[in-house]
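Worksheet: one structure, shown below.
The values are calculated or read from the model by the stated rules, or taken from the named source; none is laboratory data. On a predicted model such as this, the values are computed, not experimentally measured, just so you know. Here Cβ is always computed from backbone atoms with ideal geometry, including for glycine, and neighbour counts include all displayed protein chains. What goes into the accessible areas is simple: the full protein's heavy atoms, side chains included, and nothing from ligands, DNA or RNA. Shrake-Rupley method; radii C 1.70, N 1.55, O 1.52, S 1.80 Å.
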Amino acid sequence: MKTLSCTENYHGHALSRKRLFIATFGCQMNEYDSQRMAQILQKDYRLTIAPEEADVILINTCSIREKPENKVYSLVGRYRRLKNKRPDLIIGVGGCVAQQEGQRILDRMPYVDLVFGPQAIYRLPKMLRDLSRDKSTRICATPMENDFEIPSPEAPLPNPGTVRTFVTIMQGCDNFCTYCIVPFVRGRETSRPPGAILEEIRQVVSEGVKEVTLLGQNVNSYGKKNVNFPDFAGLLRLADGIDGLRRLRFTTSHPKDLSDALINCFGRLETLCEHLHLPVQSGSSRVLKRMNRHYDRDGYLDKVERLRKACPEISLTTDLIVGFPGESERDFQDTLSLLKIVEYDQIFAFKYSPRPGTRAAEFDDQIEEEEKSRRLAEVLDLQKKIGFKRFKALENTIQEVLIESVDQAGLKGRTRGNHVVHLEGNKNLVGKLIRIRIDRAGNHSLRGSTI
Ligand code: 5AD
Ligand code: SF4
């Protein structure tokens, strides 16, 4: 769980503002949504990191891999006792579980005042006003349509001093991978107008942000439904031209839509970092077909080869699922062998988890939990060696590092390849891009020093 924190006052409203606690689960899209919630509520609420002192608690939930019934109900239950003490407390459940479960949450949890899906975030100020005014009101807002017509809020970022942030370029997904709940809870693909995206990037850059990650469930199909919009490579070129922006990243890419135009942006656009997250999900063509991924093993490997040719230093990361229904030992070995060929810097591996309502949940050849665990352990074990080899190769190189934060352990930054670097140094370096010598590789991060 992540908690959004805020350190500054906003336009002198501090005294009159109430307190807002936001708990965030799941993907970067949810992190972005939470930031948006804080932003649009900024006029009336300031963020707190302590739920017990909050006037409003919003829980931004995720349903991608866990059973919503278990997770959300127990979590929200925790805040119940706060409400017993302070009946004025407003509790809201947002995110993908809210979208999916809707009214059922209100029925099962009488202390929840508000249920709102990802598409209803913009209505929060009004909904919270209504709830504060009339204590007997309860609201369920779970519209399915994505709406980018609503203007971006003009409020600054909720956390001043932020060095890197997300900007959403599209919402929803049309792909219907057979294991995935996202298309059911986030709706159809909708691209945001390029003007609004570029304006938001300019805005965050003017507030001191150095690195922007463009977000979408499938950024490679950006603009495909809108004749007047650029394609994704075109959008990257426009963003790359923004004054003051130092680094650009994006996530997530679907391999089937990774065009040559996009591949060729790497190593050519100055701000575009040499890192790509390209979820493979499985190394077996047979499993990929049953996942409805629209590419096969060779097609994926071919794209990797082209990426490495266009940009030899690119670091690659991926998502993969083990124990998908019907995954044989041989299919699993194909995944292991793909890892050896590609040599990812990092992977995010998951045991398949049936999501009610998806096609794969109905497949009759589900894999035993124990076997899934064994495969997961094996995949992680192999990747540990591969990842370490990749990190080790960076020892004694000089890297450009963006310093993001400081704590008792020292400074923390990131290379263009998205490797975390720890180093000693002055806290004034936060927000700066500096050249660092990499002294030592660990399993998940690097240790460096200023030169
Ligand atoms: N079970 C396990 N992993 C899943 N993912 C998505 N749906 C499921 C599921 N039902 C993983 C995929 C995706 C990542 C965000 O979550 O690997 O890329
Ligand atoms: Fe889910 Fe597939 Fe869409 Fe990604 S592309 S969000 S895995 S349906």
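For Thr168, the residues whose modelled amide H falls within less than 5 Å of its own, excluding neighbours fewer than 5 places apart on the same chain, are Leu215.
Amide H to amide H distances under 5 Å link Tyr222 with Phe232, where only residues 5 or more positions off or on other chains count and H is placed in the peptide plane. Close amide H pairs (under 5 Å, H built 1.01 Å from N) link Ala141 with Val115, Phe116, Gly117, residues at least 5 positions away or on another chain. Between the C-alpha center of region 382-451 and that of region 294-346 there is a gap of 26 Å.
Could you give the size of the charge dipole of the chain about its Cα centre, using +1 on the Cβ of each K and R and -1 on the Cβ of each D and E, expressed in debye and rounded to the nearest 20?
On the way: 69 positive and 59 negative charges, 169 e Å.
Roughly 820 debye, rounded to the nearest 20.
Only the Cβ atoms of Lys and Arg (+1) and of Asp and Glu (-1) were treated as charged; on that basis the dipole of region 323-383 about its Cα centre amounts to roughly 200 debye.
Mind checking the dipole of region 2-147: about its Cα centre, +1 per Lys or Arg Cβ, -1 per Asp or Glu Cβ, Debye to the nearest 20? Display every interim value, and only then the final one.
Values: 24 positive and 17 negative charges, 89 e Å.
It comes to approximately 420 debye.
Ranking request for peptides 270-281, 365-376: highest mean number of other beta-carbon atoms within 10 Å first, then the rest in descending order. Write down the numbers at each step before the final one.
Details: 270-281: 20.7, 365-376: 14.6.
Top to bottom by mean Cβ count within 10 Å: 270-281, 365-376.
The label point for Ala50 and the one for Arg78, both projected 7 Å from the Cα toward the Cβ, are 1.7 nm apart.
Report the calculated FRET efficiency for Asn428 and Asp319 (r = Cβ-Cβ distance, R0 = 45 Å), to the nearest 0.05. Intermediate values should be presented prior to the final figure.
Values: r = 37 Å, r/R0 = 0.82.
Calculated transfer efficiency: 0.75.
The residue list Gln103, Ile367, Ser405 was ranked by how far each Cα lies along the charge dipole of the chain toward its positive end, using unit charges on Cβ atoms, and Ser405 comes out on top.
With one equal scatterer per alpha carbon and no solvent term, the Debye-computed log10 I(q)/I(0) for region 278-393 at 0.17, 0.19 1/Å reads -0.82, -1.00. The mean sequence separation of alpha-carbon pairs under 8 Å and at least six residues apart, normalised by the residue count of region 349-429, gives a relative contact order of 16 percent.
Classify region 2-147 from the C-alpha gyration tensor, please: rounded if a/c falls under 1.5, else prolate or oblate depending on whether a/b exceeds b/c.
Working: a/c = 1.44, a/b = 1.25, b/c = 1.16.
Cα axes put region 2-147 in the rounded bin.
Between Arg435 and Asp240, the C-beta separation translates, for a Förster distance of 30 Å, into a calculated FRET efficiency of about 0.90. A protection proxy built from the mean count of other Cβ atoms within 10 Å ranks the segments 399-406, 235-242, most packed first, as 399-406, 235-242. With the cut-off at under 13 Å, measuring from each backbone N in region 268-308 to a point 7 Å along the Cα-to-Cβ line of Phe363 picks out 281-294. Per-residue surface analysis assigns Lys351 an accessible area of about 70 Å², computed on protein heavy atoms at 1.4 Å probe radius. Only helices enter the 222 nm calculation for the chain: every DSSP H run of n ≥ 4 contributes -39,500 (n - 2.57), and dividing by all residues gives -9500 deg cm²/dmol, rounded to 500.
Computed over the chain, the P(r) tail beyond 39 angstrom holds 23 percent of alpha carbon pairs.
Just list whichever of Lys289/Lys385; Lys303/Lys372; Lys340/Lys392; Lys210/Lys412 have alpha carbons separated by over 18 Å in the model shown. Intermediate values should be presented prior to the final figure.
Numbers: Lys289/Lys385 29 Å; Lys303/Lys372 28 Å; Lys340/Lys392 16 Å; Lys210/Lys412 15 Å.
Over 18 Å Cα-Cα: Lys289/Lys385; Lys303/Lys372.
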